[in-house]
Amino acid sequence: MNFVLDVHCHTINSGHAYSTITENAAHAAKIGLEYIGISDHAPAMPGAACLYNFTNLWSLPDVIHGVRVFKGAECNILEEGKLDLKADLLAKMEFVIASLHRGTFPPSDKANHTRAVVSAIENNRDMHILGHPGDCFFDIDIEAVVSAASRTNTIIEINNQSLNPRSYRYNGSATIEKILQLCKKMHVPVLASSDAHYATHVGEVSHAKALIEASGIDEELVINTSVERFLAAIAKKRELF
């Protein structure tokens, strides 16, 4: 299975990442990756980029070092499933990831986590990708979440850092294996992502790739195997609203 795209890539504008957009693109070009995304943390995250960072993304070139750079954001899922960028700005993004983070949503219980995630999926036209649902700090009802994704054409991320023994989110494999089986059953698209916070981690999805391949999920559901599949999946959610 060949991946051509890695959209979950952070830059120094996230506040706790260490490389620039140009450095990310240079590394992507070096390893033969054709497409990357900018997905810096939205403003509710402590130390994250300010609002103007997201309103000014279009001053950047579309292609850097020969790599197509998609302009997006990783929003924080807040209480009641709200996101921390307004709808008019989200609509301008080429893609939007939304995730639970401890800095913006203190972990509580499975029911509360699930309500917030399902609400975010169902009520945000421009929330295209659910980020790292295998996060060991946030227990969720995975069947309810994957069912919501199925109803709304939302993509489920298979996040490499949730499977990386060096990551603080490590221990997500059992949950992610179950998520993949449900995605396979319900025909929900998935996306392998590095969640890179340093340039040389861009495109590093070896743990995610191994789990996806072991799951036996159809390649047509693994949307970062083709940029056309990625763009079609984004458009499919927007068509519902």
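The values are calculated or read from the model by the stated rules, or taken from the named source; none is laboratory data. Just so it is clear, the structure is predicted and the values come from calculations on it, not from any experiment. Note: ideal-geometry Cβ built from the backbone for every residue, glycine included; neighbour counts use all protein chains shown. Please note that ligands, DNA and RNA were not included when accessible areas were found on the heavy atoms of the full protein model with its side chains. Shrake-Rupley method; radii C 1.70, N 1.55, O 1.52, S 1.80 Å.
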**Complete:** Between the modelled labels at residue 171 and residue 235 (7 Å from Cα along Cα→Cβ) the distance in nm is 4.3 nm
**Request:** Using a 1.4 Å probe over the heavy atoms of the protein chains, calculate the carbon and sulfur portion of the accessible area of segment 99-171 as a whole percent.
**Result:** 43 percent
**Request:** Can you tell me what the convex hull of the Cα atoms of segment 32-164 projects to on average, as an area in nm²?
**Result:** 8.5 nm²
**Asked** What translational diffusion coefficient, in µm²/s and rounded to a whole number, does the Stokes-Einstein relation yield for the chain at 10 °C and a viscosity of 1.306 mPa s, taking the hydrodynamic radius as the Kirkwood radius over Cα pairs?
**Response** 91 µm²/s
**Request:** Please label the shape of segment 53-107 as rounded, prolate or oblate, based on the square roots a ≥ b ≥ c of the eigenvalues of the alpha-carbon gyration tensor (a/c under 1.5 means rounded; beyond that, a/b larger than b/c means prolate, else oblate).
**Result:** prolate
**Probe 1.4 Å, accessible area per residue of segment 164-241, Å²** = 50 Å²
**Asked** Could you give the nm distance between label points at residue 181 and residue 82, where each point is 7 Å from its Cα heading toward the beta carbon?
**Response** 3.8 nm
**Asked** How much accessible surface does residue 137 have with a 1.4 Å probe, in Å² rounded to 10?
**Response** 70 Å²
**Message:** Less than 14 Å Cβ to Cβ from residue 63, Lys/Arg counted +1 and Asp/Glu -1: what total charge do the surrounding residues give?
**Reply:** -1
**Asked** When only C-alpha pairs under 8 Å and at least 6 residues apart count, what is the relative contact order of segment 90-241, in percent?
**Response** 21 percent
**Asked** Where is the GNM fluctuation largest for the chain (alpha-carbon springs, 10 angstrom cutoff): 43, 133, 61?
**Response** 61
**Prompt:** If the label point is 7 Å along Cα→Cβ of residue 139, which residues in segment 153-185 have backbone nitrogen under 14 Å from it?
**Reply:** 175
**Item:** Ellipticity estimate at 222 nm from DSSP helix runs (n ≥ 4, -39,500 (n - 2.57)) divided over the chain, nearest 500
**Value:** -10000 deg cm²/dmol
**Item:** Built amide H within the under 5 Å cut-off of residue 64, gap 5+
**Value:** 69
